[in-house]
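**Student:** Please read through the structure below; I'll follow up with questions.
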Protein chains: 2
Amino acid sequence: MPKQVDHEARKRRIADAVCRLAGTRGLEAVSLRHVATEAGVSMGQVQHYFATKDEMLLFAFAVISERYEQRIAAAVTSKRTPRTRLRALLLAMLPLDDAGLAEGPVLLAFLARAAVAAEIAAPLRESGAGMRAFLAEMVGSTPDAEREAVILQALVDGLLSQLLVGHIDARTAIAAVDHQLDRVC
Amino acid sequence: MPKQVDHEARKRRIADAVCRLAGTRGLEAVSLRHVATEAGVSMGQVQHYFATKDEMLLFAFAVISERYEQRIAAAVTSKRTPRTRLRALLLAMLPLDDAGLAEGPVLLAFLARAAVAAEIAAPLRESGAGMRAFLAEMVGSTPDAEREAVILQALVDGLLSQLLVGHIDARTAIAAVDHQLDRVC
């Protein structure tokens with residue numbers, strides 16, 4: 001089905017354009033006109049795939065989540081001990097390399113939008129719940145696993161925004177993760 | 001100086017309008033026209049006080065920060081032990097009452113903007129550094145005070161966004177804070 005593949009590729013190209021705009025200039029820059037220009041397609045083509053801005057944002061969020069989860073899964077697989085796996089997972093959630101630095105501002109933009117738009121909050125909650133369950137599983141079989149997962153997830157979320165704003169540097173963020181892991185593992 | 005007081009009051013009224021718009025509809029809704037309507041002033045008056053949108057956002061951020069710090073200071077003063085004071089401080093940073101719930105989305109909007117606009121990041125870093133120093137002081141005289149403060153600050157930042165998105169409830173957030181305090185205090 002070559003035609004279907006083409007549609008999917010074009011939708012992804014539009015989603016990539018949304019992410020680049022949101023990641024460099026914020027969600028305010030994500031307009032029909034800007035996205036069309038950035039993606040190199042016509043405004044009519046953008047409208048063909050996405051009836052509203054929120055539809056476009058939701059698809060872009062799904063694309064970025066998929067990539068984020070792939071990066072995290074890749075970071076974890078090569079690690080042997082529970083602690084090194086958990087550490088790799090947490091560090092992969094932080095903006096410490098080019099991919100993370102490009103995605104970070106997009107995630108913050110989605111987060112800010114989710115706080116005022118219920119239709120954006122729903123997929124964020126879902127992906128957050130999946131990640132928390134994964135974290136709890138990695139923390140292992142202690143009665144506090146679920147609570148430790150909540151704390152670790154909030155910790156990396158907070159470190160992510162502080163890194164992106166330049167409030168802390170990478171070394172401080174990594175030291176914070178290690179210090180917390182000393183307690184959990 | 002009645003005239004000066006009047007100017008200050010009008011600037012604050014505009015800043016309040018910016019916060020209400022950002023807190024209910026996001027920064028995308030913060031346009032010259034919308035702010036003027038929301039504040040009940042003319043577009044010319046908004047432009048008289050603020051030459052650019054970022055100037056308006058910076059002033060609104062200063063107003064909201066001042067309020068936030070006053071709320072936190074008030075929450076802390078009545079507490080007797082170091083732990084109850086630290087706990088009151090951390091909980092006051094979370095969106096657990098009407099004031100916090102109204103401010104939270106505005107803070108997230110500023111945060112998202114700060115990740116792509118250096119002029120907004122600077123005051124956020126400054127206010128974050130002040131809060132971290134205050135936290136470290138409250139943690140007390142341990143060699144890890146600074147690191148514990150980084151972790152606690154990131155924890156509440158992460159819990160704040162998870163609460164606003166509806167990923168966790170208030171009870172879970174408070175339990176996470178208490179669990180972490182058991183380790184720090």
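**Student:** So how many residues does the range A:164-185 have that are assigned to a helix (DSSP H, G or I), open to solvent by 30 Å² or more (accessible area, probe 1.4 Å) and more than 7 Å from chain B (Cβ to nearest Cβ)?
**Tutor:** Counting residues in the range A:164-185 that are assigned to a helix (DSSP H, G or I), open to solvent by 30 Å² or more (accessible area, probe 1.4 Å) and more than 7 Å from chain B (Cβ to nearest Cβ) gives 5.
**Student:** Then there's this: Mind checking whether some residue in the range A:12-28 is at pLDDT below 90 and outside any helix (DSSP H, G or I)?
**Tutor:** The answer is yes; a qualifying residue exists.
**Student:** I need every pair where a residue in the range B:115-128 that is within 7 Å of chain A (Cβ to nearest Cβ) has its Cβ under 8 Å from the Cβ of a residue that is open to solvent by less than 40 Å² (accessible area, probe 1.4 Å) and hydroxyl-bearing (Ser, Thr, Tyr), sequence separation at least 6 or different chains.
**Tutor:** So the pair list comes out as B:Ala115/A:Ser161.
**Student:** Only one residue in A:His7, A:His34 is in a helix (DSSP H, G or I) and modelled with pLDDT under 90. Which one? Steps first, answer last, please.
**Tutor:** Numbers: A:His34 fails: modelled with pLDDT under 90.
Just one listed residue meets the conditions, A:His7.
**Student:** Further, regarding this structure: Do we find that A:Arg71 is of a type in the set (D, E, K, R), in a helix (DSSP H, G or I) and buried (at least 17 other Cβ atoms within 10 Å of the Cβ) in this structure? Walk me through how you get there before you give the answer.
**Tutor:** Details: of a type in the set (D, E, K, R): yes; in a helix (DSSP H, G or I): yes; buried (at least 17 other Cβ atoms within 10 Å of the Cβ): no.
Here the answer is no, as A:Arg71 does not meet what is asked.
**Student:** Turning to a different aspect of this structure: Provide a single number: the residues in the range A:133-163 that are surrounded by fewer than 21 Cβ atoms within 10 Å (Cβ to Cβ), part of a helix (DSSP H, G or I) and within 8 Å of chain B (Cβ to nearest Cβ).
**Tutor:** Total satisfying the criteria: 1.
**Student:** Report, by residue number, each residue of the range B:104-119 that is buried (at least 19 other Cβ atoms within 10 Å of the Cβ) and either part of a loop (DSSP other than H, G, I, E, B) or at pLDDT below 90 (or both). Steps first, answer last, please.
**Tutor:** Start the filter on the range B:104-119 by keeping residues that are buried (at least 19 other Cβ atoms within 10 Å of the Cβ), which leaves B:104-116.
Residues satisfying the conditions are B:Ala115, B:Val116.
**Student:** Can we say B:Ala51 is farther than 22 Å from B:Gly166 by Cβ, modelled with pLDDT of 90 or more and not in a helix (DSSP H, G or I)? Steps first, please.
**Tutor:** Values: farther than 22 Å from B:Gly166 by Cβ: yes; modelled with pLDDT of 90 or more: yes; not in a helix (DSSP H, G or I): yes.
Here the answer is yes, as B:Ala51 does meet what is asked.
**Student:** Here is a list: A:Arg83, A:Arg87. Which entry is more than 9 Å from every other protein chain (Cβ to nearest Cβ), touching a Cys at 6+ places or on another chain (Cβ under 7 Å), at pLDDT 90 or above and open to solvent by 20 Å² or more (accessible area, probe 1.4 Å)? Walk me through it before giving the result.
**Tutor:** Values: A:Arg87 fails: touching a Cys at 6+ places or on another chain (Cβ under 7 Å).
Criteria check complete, one pass: A:Arg83.
**Student:** Within the range A:82-100, how many residues are without any contact (Cβ under 8 Å) to a residue 40 or more places away in the chain and either touching a Gly at 6+ places or on another chain (Cβ under 8 Å) or in a helix (DSSP H, G or I) (or both)? Break it down into steps so the answer makes sense when it comes.
**Tutor:** In the first step, residues of the range A:82-100 are kept if they are without any contact (Cβ under 8 Å) to a residue 40 or more places away in the chain; the result is A:84, A:88, A:92, A:97-100.
Add one more test, that the residue is either touching a Gly at 6+ places or on another chain (Cβ under 8 Å) or in a helix (DSSP H, G or I) (or both), and what stays is A:84, A:88, A:92, A:98-100.
Selection size over the range A:82-100: 6.
**Student:** Follow-up question, since we're still on this one. Does any residue in the range A:151-178 that is closer than 17 Å to B:Ser127 by Cβ come within less than 8 Å, Cβ to Cβ, of a residue that is open to solvent by 10 Å² or more (accessible area, probe 1.4 Å) and among the acidic types (Asp, Glu) six or more places away or on a different chain, and which pairs are these?
**Tutor:** Sorted first by the residue in the range A:151-178, then by its partner, the pairs are A:Gly158/B:Asp157; A:Ser161/B:Asp157; A:Gln162/B:Asp157; A:Leu163/A:Asp169.
**Student:** Going through A:Glu28, A:Glu38 one at a time, which residue ends up being crowded, with 17+ Cβ neighbours inside 10 Å and within 13 Å of another protein chain (Cβ to nearest Cβ)? Let's see the steps before the verdict.
**Tutor:** Working: A:Glu38 fails: within 13 Å of another protein chain (Cβ to nearest Cβ).
Sole residue among the options that is crowded, with 17+ Cβ neighbours inside 10 Å and within 13 Å of another protein chain (Cβ to nearest Cβ): A:Glu28.
The values are calculated or read from the model by the stated rules, or taken from the named source; none is laboratory data. None of the values given here were measured: they were computed from a predicted structure. Cβ atoms come from the backbone with ideal geometry, glycine included; neighbour counts cover every protein chain shown. What goes into the accessible areas is simple: the full protein's heavy atoms, side chains included, and nothing from ligands, DNA or RNA. Shrake-Rupley method; radii C 1.70, N 1.55, O 1.52, S 1.80 Å.
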